[in-house]
1. Around residue 85, what is the net charge, scoring Lys/Arg as +1 and Asp/Glu as -1 over all other residues with Cβ under 14 Å from its Cβ?
2. Would you mind ranking 65, 317, 294 so that the residue whose beta carbon has the fewest other beta carbons within 10 Å leads the list?
3. Treating only the Cβ atoms of Lys and Arg (+1) and Asp and Glu (-1) as charged, compute the dipole magnitude of region 7-406 about its Cα centre; round to the nearest 20 debye.
4. At a 10 angstrom cut-off on C-beta neighbours, averaged per residue, how do the peptides 145-155, 263-273 rank from highest to lowest?
5. In nm, what is the difference between 0.36 nm times the number of residues separating residue 85 and residue 42 and their Cα-Cα distance?
6. My understanding is that a pair violates if its Cα-Cα distance is over 28 Å; which of 58/277; 67/242; 184/216; 184/277; 58/89; 216/242 do that in this structure?
7. For 29, 281, 7, what's the fewest-to-most ordering of other Cβ within 10 Å of each Cβ?
8. Please state the equivalent ellipsoid semi-axes for region 24-146: what are the square roots of 5 times the Cα gyration tensor eigenvalues, largest first, in whole Å?
Amino acid sequence: MKLTIDYASHPAFRTLSPETRVFADASRYFTAVDVIWAEIVSAAALNASRAGTEFDRKTQPILSDLKQALAGQRMPEDYLPFVSAALVKSQEAIRAEIVQVIRGRATTRAPDVEVERIVAQLQDHGAAAFRMDTPMRRAIVESLQPYYREVESQRDSGSGARCFVTIPARGTHWNILKSFVRDKRIEDAISAYAGFRLELSGYSLTLSHPGETWFKICYQDIGLAAPRTVQQHYDLDNLSAKSMFYLNEVDPDCGPFTYLPGSRSLIRWRSQTSFFKYLDYANNEFAASRESADTIYNRPLFCTPALRPAFAALPSDLQGSACPGDDVLDDSALSATLLEGERALTSDDGDLMLFAGGETLHRGGVARGGERYALQMIYSSPPGFAQQVKRLPRRLAGRIKRTLSRT
Ligand SMILES: O=C(O)CCC(=O)C(=O)O
Ligand SMILES: [Fe+2]
């Protein structure tokens, strides 16, 4: 089975769909981009800059063909530029990833046994859990206390919005976690998985609790409750890995991180999934440019009845989202597949949950009973030498300010 949402049968869209028509251009495009993508990454003879040029040479003409075919479709005129921009941006993102992977090959060290073990787990299943000693975890919790107050006041405001605060990358918690991800070979493993160097670059503290409504309200205007698959999604970067660090004991009711092992195989075309990620952003921009509902939900177009016809007018292979779980209907065969295979990682499995969220369907923070305090950890490419030099004045200024404020 492939993960395809049939919007023509979704209650929020089914009355809006124009007559069914054949539009093979999108499937042809995605099939071709996937082939080009795989061929260029595996062509040993290409260096990064030639790979980029080759990618452009092969994909530009098929992208213009698709854009032209789209312009001939019956679609709100003001929506089309947003869709085209999403196609362009997703193609640029794939190109950038290819270039990074090929550049990374020249510099990445050969993985050792432990790194290979973690990479195999990410590739075969999509996630891996790691355990930290209790005293270390306590010290992290201790040093994050000022930020606990912030997320707790967000929770107590009763808005139902997501509770999170970005934490400065310094202090006791940072030192412990940075050594931990190095010692456990987590940074090395995700770098080997992605094909280029990635390092822990920051994190946010999130508090998940049963009073959160932001992810449940998409189709409330038509009285449709959030489906059981709600929040199952893919992350933006296709090769990205992220991790969640649990700060309290997390059981199945506190909103643990969950994922669908092996869900990469549900993807029909990798380039289509990549397009859906940028389409979500484009839809948000389209909604912002029009009268969209004032909402704490993260996909305003989907919860604004007046904007749904635009999405409904897209050819079906272009209809989708990086958060498909919100649009899966309970009692469908797809829902059963996504729920049956879903695996939750609780504190019984470990404290740090590493996952390849770009192409593994996952979710977290859907708390039914208790609460979950967790760090959402972000890994990115370390700055090159030129970037480091550019950042130097700001870093020095920050250090001076901190020293002064301590005196
Ligand atoms: O809250 C979680 O456990 C998952 C968060 C997530 O999906 C992400 O960071 O990409
Ligand atoms: Fe995610």
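1. On the way: positive: 67, 89, 277; negative: 78, 92, 280, 285.
So the environment of residue 85 carries a net charge of -1.
2. Working: 65 14, 317 19, 294 7.
Fewest to most other Cβ atoms nearby, the residues stand as 294, 65, 317.
3. On the way: 48 positive and 47 negative charges, 345 e Å.
It works out to roughly 1660 debye.
4. Details: 145-155: 14.4, 263-273: 19.3.
Going from most to least packed, we get 263-273, 145-155.
5. Details: separation 43, 0.36 × 43 = 15.48 nm, distance 2.79 nm.
That works out to 12.7 nm of additional length.
6. Numbers: 58/277 22 Å; 67/242 33 Å; 184/216 36 Å; 184/277 31 Å; 58/89 16 Å; 216/242 24 Å.
Distance filter (> 28 Å) returns 67/242; 184/216; 184/277.
7. Working: 29 25, 281 16, 7 20.
With the sparsest Cβ surroundings first, the list reads 281, 7, 29.
8. Working: eigenvalues 309, 112, 37 Å².
For region 24-146, the ellipsoid semi-axes come out as 39, 24, 14 Å.
Computed from the coordinates by the stated procedures, all read-outs in this text should not be read as laboratory data. Quantities reported herein were computed from a predicted structural model and do not represent experimental measurements. Virtual Cβ from ideal backbone geometry, glycine too; neighbours counted across all protein chains shown.
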